[in-house]
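Every read-out reported here was derived from the displayed coordinates using simple, explicitly stated rules and does not represent laboratory data. What you see is a predicted model; the values in this text were computed from it and never measured. No Cβ is skipped: glycine too gets one built from the backbone with ideal geometry, and neighbour counts run over all protein chains shown.
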Amino acid sequence: MRTLLIRGMIAGLAAGLAYFLFAYLFGEPSVEAAIGYEDQVAAAAGEASTEEPLVSRGIQATLGLATAALIYGVVVGGILSLVYASMVGRVGRLSARATAAVIAGIGFVAVALVPFIKYPANPPASTLDTTVGQRTGPFMVLIIVSVLLAVGAVMLGRSLAVRMGSWNATLVAAAAYLVAVGIVGFLLPTVAETPTDFPAAVFYDFRVAAIGGQLVLWTAVGLVFGALIDGRSRRRSGSPVGTAAR
């Protein structure tokens with residue numbers, strides 16, 4: 001387990017680096033545009049601040065972003081390795097690499113994509129101060145419920161596989177997850193949090209970069225972790241994939 005966790009964290013480190021590069025290249029321009037809009041609004045209202053920020057934008061966009069991305073990647077990689085340890089050998093006759101890819105795909109959908117559809121990421125200055133608390137609670141609830149429903153869908157698929165076959169069971173489980181999480185998303189409140197004059201192009205670019213970064217992170221961690229454990233299992237010739245991965 002210790003070796004598996006270390007490999008997951010290494011994969012997460014590599015994925016975090018990929019996430020940082022993507023966010024820096026495609027996300028930072030829209031962040032700069034949003035900050036420019038905020039400065040314009042403050043200047044028009046006579047509230048422009050002359051104080052130097054505690055941390056400069058250059059540090060925020062490089063060292064700060066890199067630190068956050070690497071920590072996030074390591075956490076995701078560690079969690080993926082633990083989930084892999086509990087699922088390997090229990091999701092059909094998938095190889096170690098394929099199992100890691102499936103787990104990463106489910107993680108992206110449950111943790112990133114579904115919550116993003118209901119509560120998409122927002123750039124700086126694009127939300128009203130009074131709505132921050134209204135959004136945070138439901139957003140966290142949706143992530144937790146989405147993950148629990150994904151776990152339930154996996155268990156449902158396993159229970160139906162014997163009677164319906166793996167393909168049909170997977171389709172039924174996926175449909176059940178989508179219906180259930182759709183109902184939850186519908187019941188959760190929609191928060192009107194955006195100033196009417198905020199530039200739509202900045203919104204679009206930032207949100208594309210936000211979900212794109214998550215896709216890069218989860219794809220990279222799944223591929224790198226799968227390669228690491230698959231290589232180890234190949235060296236352990238004659239051992240089952242599940243035993244080799246442990």
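Fully extending the segment from R135 to L113, taken as 0.36 nm per residue of separation minus the present Cα-Cα distance, adds 6.3 nm.
The phi-based Karplus calculation (6.51 cos²θ - 1.76 cosθ + 1.60; θ = phi - 60°) puts the 3J(HN,Hα) values of segment 218-230 at 5, 5, 5, 5, x, 5, 5, 4, x, 5, 5, 6, 5 Hz, whole numbers, x for Gly and Pro.
Here the Debye sum runs over all C-alpha atoms of segment 82-202 as equal scatterers in vacuum, and log10 of I(q)/I(0) at q = 0.11, 0.19, 0.23 Å⁻¹ comes out as -0.48, -1.01, -1.30.
Expressed in nm to one decimal, what extension gain is obtained for the pair E32 and V151 from 0.36 nm per residue of sequence separation less their Cα-Cα distance? Intermediate results must be reported in sequence, preceding the final value.
Details: separation 119, 0.36 × 119 = 42.84 nm, distance 3.85 nm.
Contour length minus the Cα-Cα distance gives 39.0 nm.
3J(HN,Hα) along segment 107-123: x, 4, 5, 6, 8, 10, 5, 4, x, 5, 5, 7, 10, x, 5, 10, x Hz, from the Karplus curve 6.51 cos²θ - 1.76 cosθ + 1.60 with θ = phi - 60°, whole Hz, x for Gly and Pro. In summary, the convex hull built on the alpha carbon positions of segment 188-233 has an orientation-averaged projected area of 5.0 nm².
From the alpha carbon centroid of segment 110-162 to that of segment 182-222 is 11 Å.
Note on the chain: with charges restricted to the Cβ of Lys and Arg (+1) and Asp and Glu (-1), its dipole about the Cα centre is near 2260 debye. Helix 65-87 sits at what angle to the longest principal axis of the chain, using alpha carbons and giving 0 to 90 degrees rounded to 10? Helix 65-87 sits at roughly 20 degrees to that axis. Each 5 Å bin from zero up to the one holding the largest Cα-Cα distance in segment 130-171 carries the following percent of pairs: 6, 22, 17, 13, 11, 9, 9, 6, 5, 2, 0. Here the convex hull built on the C-alpha positions of the chain has a volume of 133 cubic angstrom per residue. Principal axis extents of the Cα atoms in segment 103-156, from largest to smallest and rounded to whole angstrom, are 41, 17, 12. The phi torsions of segment 201-212, fed into the Karplus equation with coefficients 6.51, -1.76 and 1.60 and a -60° offset, translate into couplings of 5, 5, 4, 4, 4, 5, 5, 4, 5, 5, 6, x Hz, rounded to whole numbers, with Gly and Pro shown as x.
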